[in-house]
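Asker: Could you have a look at this structure, given as structure tokens, before my questions?
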Amino acid sequence: MRIIHILNHVQEIGNGIVNVAVDLACLQAKSGHEVAVISGGGEYEALLNIYGVKHYQLDQTRKPITTIKAAMGYRAIATEFQPDIVHAHMMTGIILARIFQGHKYALVSTVHNEFQRSSVLMGLADRVIAVSQAVADSMAKRGVPKNKLRVVCNGTLGSPRTRQIENYQTLPLQRPAIATVAGMYQRKGIAELIAAFEQIASDFPEAHLYLVGNGPDKQLFEAQAQASSVGKRIHFEGFQAEPQRYLRSCDIFVLASHRDPCPLVLSEAREAGTAIVGTQVDGIPEALDNGEAGLLVPAKDSHALAGVLVKLLSDGDMLHEWKNRANQNLQRLSVARVHQETLAVYDELKR
């Protein structure tokens with residue numbers, strides 16, 4: 001097949017949507033398909049080139065003159081490449097691909113952040129891939145026909161972007177170490193995690209909290225930490241190109257999101273064998289085998305989160321058990337499975 005992936009950029013900044021698209025493009029090219037990526041560019045261009053994926057530069061910034069140029073540019077690229085499948089991963093891409101679709105190619109979209117109002121536009125595609133059952137259910141409620149929807153749960157193990165987990169060096173974190181790897185956004189529950197840590201810190205004076213990631217709300221969280229009684233034990237590590245080093249080194253990984261479709265970091269944390277605490281929202285329970293591979297707490301509840309952290313830090317056997325449980329049933333989290341299931345969706349649309 002001749003396949004185009006279209007997304008805003010291919011920057012290496014920890015964006016899960018970008019990571020999924022890059023993984024698919026590389027594995028599809030490795031399997032012998034002719035693959036191209038249309039984006040505004042970024043660090044992953046080098047990796048795409050290694051796998052033989054052609055990259056077309058296209059600025060899709062949402063400004064009137066840029067949008068007009070993007071439309072003209074997209075049409076020229078599609079005419080040149082002659083795709084059988086165009087796979088859109090972001091809003092601008094789905095609109096461009098739909099406008100110029102005609103009968104020339106089949107259109108597939110992947111829905112990640114379905115909680116965004118504009119995500120309903122992804123329903124313009126012939127097939128709509130949801131990254132978790134929770135996302136599929138939400139999109140169906142928002143009017144996307146069920147006969148268009150297909151679920152391909154996220155998985156990133158064996159990604160061409162990463163190495164084997166044992167090949168990442170551990171870090172000399174101060175332990176017991178609690179960590180998260182997340183964008184610094186309110187919806188990621190960083191405020192609740194800091195609050196929960198402050199609640200337990202006096203009972204565990206050796207414990208430290210490591211916050212890995214960047215984002216627009218980082219300064220708010222830094223101010224919250226500084227105003228707490230344990231600010232010196234809360235470490236803002238910024239974006240890390242190799243977050244696996246933190247996952248391998250921490251004792252407990254926490255993802256306290258308010259909304260999260262199916263976070264890739266959970267498969268990486270499971271592979272690293274750290275005990276995991278996540279919130280009962282969206283695709284997080286699915287990524288944790290519905291509580292078999294990680295402890296689940298209500299979102300926006302720092303007291304519940306603190307309670308689980310106390311249990312894990314107080315009971316070495318319990319901590320060890322949840323580390324082992326995280327590390328089971330990893331095969332379904334592989335990028336190879338995502339690749340095969342995505343190709344199966346494409347095959348439905350062969351003309």
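Asker: Inside region 71-89, can you point out the residues that are surrounded by fewer than 23 Cβ atoms within 10 Å (Cβ to Cβ) and among the hydrophobic types (A, V, I, L, M, F, W, C)?
Answerer: Selection gives Ala71, Met72, Ala76, Ile77, Phe81.
Asker: Moving on. Quick check: anything in region 259-270 among the basic types (Lys, Arg), open to solvent by less than 30 Å² (accessible area, probe 1.4 Å) and within 27 Å of Thr156 (Cβ to Cβ)? Even if it seems obvious, please write down each step before you answer.
Answerer: The first filter runs over region 259-270 and keeps only residues among the basic types (Lys, Arg), leaving 259, 270.
From what is left, the residues that are open to solvent by less than 30 Å² (accessible area, probe 1.4 Å) are 270.
This time we only want the ones that are within 27 Å of Thr156 (Cβ to Cβ), so: 270.
So far as region 259-270 goes, yes, one or more of its residues are among the basic types (Lys, Arg), open to solvent by less than 30 Å² (accessible area, probe 1.4 Å) and within 27 Å of Thr156 (Cβ to Cβ).
Table: residues versus (1) of a type outside the set (Ser, Thr, Tyr); (2) in contact with a Ser or Thr (Cβ under 9 Å, 6 or more places away or on another chain); (3) under 19 Å from Val277 (Cα atoms).
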{"position": "Val151", "(1), (2), (3)": "yes, yes, no"}
{"position": "Pro160", "(1), (2), (3)": "yes, no, no"}
{"position": "Pro172", "(1), (2), (3)": "yes, yes, no"}
{"position": "Gln186", "(1), (2), (3)": "yes, no, yes"}
{"position": "Ile190", "(1), (2), (3)": "yes, yes, yes"}
{"position": "Ala196", "(1), (2), (3)": "yes, yes, yes"}
{"position": "Ile200", "(1), (2), (3)": "yes, no, yes"}
{"position": "Lys218", "(1), (2), (3)": "yes, no, no"}
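Asker: Still on this model: For region 165-199, which residues satisfy the criterion of being acidic (Asp, Glu) and touching a Lys or Arg at 6+ places or on another chain (Cβ under 8 Å)? Before you say what the answer is, go through the steps one by one.
Answerer: Kept after step one, since they are acidic (Asp, Glu), are these residues of region 165-199: 166, 192, 198.
The one that is acidic (Asp, Glu) and touching a Lys or Arg at 6+ places or on another chain (Cβ under 8 Å): Glu192.
Asker: Restricting attention to region 132-158, report how many residues are β-branched (Val, Ile, Thr), touching a helix residue (DSSP H, G or I) at 6+ places or on another chain (Cβ under 6 Å) and buried (at least 22 other Cβ atoms within 10 Å of the Cβ).
Answerer: So the count comes out to 3.
Asker: Restricting attention to region 110-131, and to residues there that are in contact with a Gly (Cβ under 8 Å, 6 or more places away or on another chain) and more than 20 Å from Gly183 (Cα to Cα), which single residue is least open to solvent (accessible area, probe 1.4 Å)?
Answerer: First, the residues of region 110-131 that are in contact with a Gly (Cβ under 8 Å, 6 or more places away or on another chain): 112, 120, 123, 131.
When the remaining residues are screened for being more than 20 Å from Gly183 (Cα to Cα), the result is 120, 123.
Numbers: Val120: 60, Gly123: 13 Å².
Within region 110-131, the match that is least open to solvent (accessible area, probe 1.4 Å) is Gly123.
Asker: Now for a separate question. Somewhere in region 115-133, is a residue part of a loop (DSSP other than H, G, I, E, B) and farther than 22 Å from Arg187 by Cβ?
Answerer: Within region 115-133 (the criterion being part of a loop (DSSP other than H, G, I, E, B) and farther than 22 Å from Arg187 by Cβ), the answer is yes, since at least one residue qualifies.
Asker: Something else about it: With a cut-off of at least 3 residues that are without any contact (Cβ under 8 Å) to a residue 24 or more places away in the chain, more than 17 Å from the chain's Cα centre (by Cα) and more than 26 Å from Asp23 (Cβ to Cβ), name the helices (runs of 4 or more DSSP H) lying wholly within region 139-256.
Answerer: 218-227
The values are calculated or read from the model by the stated rules, or taken from the named source; none is laboratory data. Worth saying up front: this structure is predicted, and the values here are computed from it rather than measured. Glycine also receives a Cβ, built like all others from the backbone with ideal geometry; neighbour counts cover every protein chain displayed. What goes into the accessible areas is simple: the full protein's heavy atoms, side chains included, and nothing from ligands, DNA or RNA. Shrake-Rupley method; radii C 1.70, N 1.55, O 1.52, S 1.80 Å.
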